[in-house]
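J.: Sharing a structure, written as structure tokens. Questions coming.
What follows draws every value from the coordinates through simple rules; no lab data is involved. Keep in mind that this is a model prediction, so the values were computed, not measured. Every residue, glycine as well, gets a Cβ built from its backbone with ideal geometry; the counts of neighbours run over all protein chains shown.
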């Protein structure tokens, strides 16, 4: 479906170019949007490492690029940034826009199995497989050097996609991730809606469950969490960290007094995250 | 009217605090919103210099703080940032929301003389006099050290407020300012609407006219302009620069090929602007 690829608009920023794109997704069976920042180094290097950012509930492909301040550091360090939309949209599924925490804007990076969501909501396969293939076809991306990070629902997505694919992503980080969704209200609603009420398959999309069943070493992980985050009860990062520490995974977990769940929190620590990934992508 | 001052929400970011505030404005005779970033240095220094940012058409007090990436550098350099809303809103004036380039979101930093706009649209006095008094009362601000900058309509506002008040602002900068509004469509519409069709008083709010009639040296001025800006015909920065150069004003004018009018342009050069102002505010 590469021939459906379209650049909708572009902006030069920090000497590189930010593209807002759409294409027809084969796995979601609908048009999908994403944004890509290609730094200036692309004019010299043929292939640059790629850092994927997965956004949180209600976000589109724009929030991260507009608010996080990430391009500054991607430009300095020569990384391509990719931020997909958080779900299929305008699919015609009844009730798609009824809730802010399920359906449109809330794909939870899950391959849905429940009708009607399974017709379009295949965000796990989209992020892990289809989108990187498209990025490699359209941009100067080195698909052997990928890392992934995200915020809130997207932090959950980054941990899940990253931990399940040690061969695809070199490092994983998250801001305030939904780290044990089987154990929180937001998570249970999404897991039930997309996967059904039998919790057996939920563990495929629960970072804490994935970490506890890991048999090999995982990639390096960095997590930042604000302690004035009003959603702490939905996030439960400490449960994930406890499992990682028990399994001797390479995890850095930082708690920040006074910080909340907003992009003002993300912007404060984005430099640390991008430098963390760059160390693993440009060794 | 200090007792109407309210903090609506706040976010810790870059170790300082960003406040979204409202108050009842005496000169606009309605509630007005603004945002203030107070860096961590305020916990030690009693009074910090203040840098005002005036936003462009359609913006509120939020756009700059969310998108420009300015807090990073204000935190490093110990500056308070203040960003007012771009106009009174919900005043009850008929047609206030009818146009994107006049009325709500488009106050043009003018003290209107034309009925009904003169009842509320007194943005020049608001920015230059009322808001700094309120900031000094509510925040650890050193009102003897102020500078001003802005974008597009707000770049116009910064040049006008700055050049007319050499005693109040130490330095002036602008991203893609509407620099000769008497000579462009956007400017003529606003000047006619707020001041009437007789162009005599327009020169009070036209940076190029103000510069050409200056009898004393002005503050240092920095202007950045993208050459892929689709609004160049509305902005006319080169006319302002030509007058400044003829008057031997201390102006740095930089043109940037490939850059457009967006916040992605502002974010790229925000560090330069804040360092420029800091040199004059923290000499």
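J.: Gaussian network model of chain A, Cα springs within a sub-10 Å range: biggest mean-square fluctuation belongs to which of A:266, A:178, A:93?
T.: Comparing A:266, A:178, A:93 in the GNM, the peak value goes to A:93.
J.: Mean-square fluctuation check for chain A, GNM, Cα pairs under 10 Å: which of A:268, A:17, A:143 is largest?
T.: A:268
J.: Region B:230-263 to region B:4-76: how many Å between their Cα centroids?
T.: Between the Cα centre of region B:230-263 and that of region B:4-76, the gap is 27 Å.
J.: Here's something else I'd like to know. Enter the per residue convex hull volume of region B:160-200, computed from alpha-carbon coordinates, in Å³ rounded to the nearest integer. Write out the running numbers ahead of the final one.
T.: Working: hull volume 3.4 nm³, N = 41.
Roughly 83 Å³ of hull volume per residue.
J.: Looking only at other chains, what is the average number of their beta-carbon atoms within 10 angstrom of each beta-carbon in B:257-268?
T.: 5
J.: Pick from B:53, B:20, B:149: which residue has the top mean-square fluctuation in a GNM of chain B where Cα pairs under 10 Å get a spring?
T.: Of the options given, B:20 has the highest mean-square fluctuation.
J.: Could you work out the pair-distance distribution P(r) of region B:125-283 from its alpha-carbon pairs, with 5 angstrom bin width and percents rounded to whole numbers?
T.: Histogram of Cα-Cα distances, whole percents per bin: 2, 9, 18, 22, 20, 16, 9, 4, 0.
J.: If you don't mind, another one. Which value in nm describes the separation of the simple spin-label points at residue B:6 and residue A:144, placed 7 Å from the Cα toward the beta carbon?
T.: Using points 7 Å along Cα→Cβ, the separation is 6.0 nm.
J.: With 10 Å bins from zero, work out the P(r) of chain A over every alpha carbon pair and list the percent per bin.
T.: 7, 32, 38, 20, 3, 0
J.: Still on this structure, please answer the following. What is the pair-distance distribution P(r) of region B:16-106, computed from all Cα-Cα distances in 10 Å bins starting at 0, with each bin given as a whole percent?
T.: Histogram of Cα-Cα distances, whole percents per bin: 17, 42, 27, 11, 2.
J.: Let me ask something else about it. Which whole number in µm²/s is D for region A:10-66 by Stokes-Einstein, with the Kirkwood Rh taken over Cα pairs at 25 °C and 0.890 mPa s?
T.: The diffusion coefficient I find is 190 µm²/s.
J.: Something else about it: May I ask you to derive the relative contact order of chain A, considering only C-alpha pairs under 8 Å and at least 6 residues apart, and to give it as an integer percent?
T.: It rounds to 17 percent for chain A.
J.: Provide an ascending nm list, one decimal, of label-point separations from residue B:196 to the equivalent residue in each further copy; define each label point as 7 Å from Cα along Cα→Cβ.
T.: Sorted ascending, the copy-to-copy spacings read 7.7 nm.
J.: Evaluate 2.2 N^0.38 Å with N set to the residue count of region A:181-268, then give the Cα radius of gyration divided by it. Don't skip to the end; give the middle numbers.
T.: Numbers: Rg = 14.2 Å, N = 88, 2.2 N^0.38 = 12.1 Å.
That works out to 1.18 for region A:181-268.
J.: Let me ask something else. Take the alpha carbon atoms of region A:116-175, find their center, do the same for region B:111-140, and report the distance between the two centers in whole angstrom.
T.: Their Cα centres are 49 Å away from one another.
J.: Please compute the volume of the convex hull spanned by the alpha-carbon atoms of region B:116-210 and report it per residue in Å³.
T.: Spread over its residues, the Cα hull of region B:116-210 gives 96 Å³ apiece.
J.: For chain A, what is the mean residue ellipticity at 222 nm derived from helices alone (per DSSP H run of n ≥ 4: -39500 (n - 2.57); sum divided by total residues; nearest 500 deg cm²/dmol)? Intermediate results must be reported in sequence, preceding the final value.
T.: Working: 9 runs with 81 residues, N = 283.
About -8000 deg cm²/dmol.
J.: Let me ask something additional. Where the convex hull is taken over the Cα atoms of the protein assembly as shown, what is its projected area averaged over directions, in nm²? The partial results should precede the final answer.
T.: Details: hull surface 107.1 nm².
Average of the hull's projected areas for the protein assembly as shown equals 26.8 nm².
J.: Hey, another quick one. Rounded to the nearest 0.05, what FRET efficiency do residue B:245 and residue B:58 give with R0 = 35 Å and r taken as the Cβ-Cβ distance? Could you check?
T.: Numbers: r = 32 Å, r/R0 = 0.91.
According to the calculation, E is roughly 0.65.
J.: Still on this model: Dividing the Cα convex hull volume of region A:233-283 by residue count, how many Å³ per residue is that?
T.: On the way: hull volume 5.2 nm³, N = 51.
In region A:233-283, the Cα hull volume divided by residue count equals 102 Å³.
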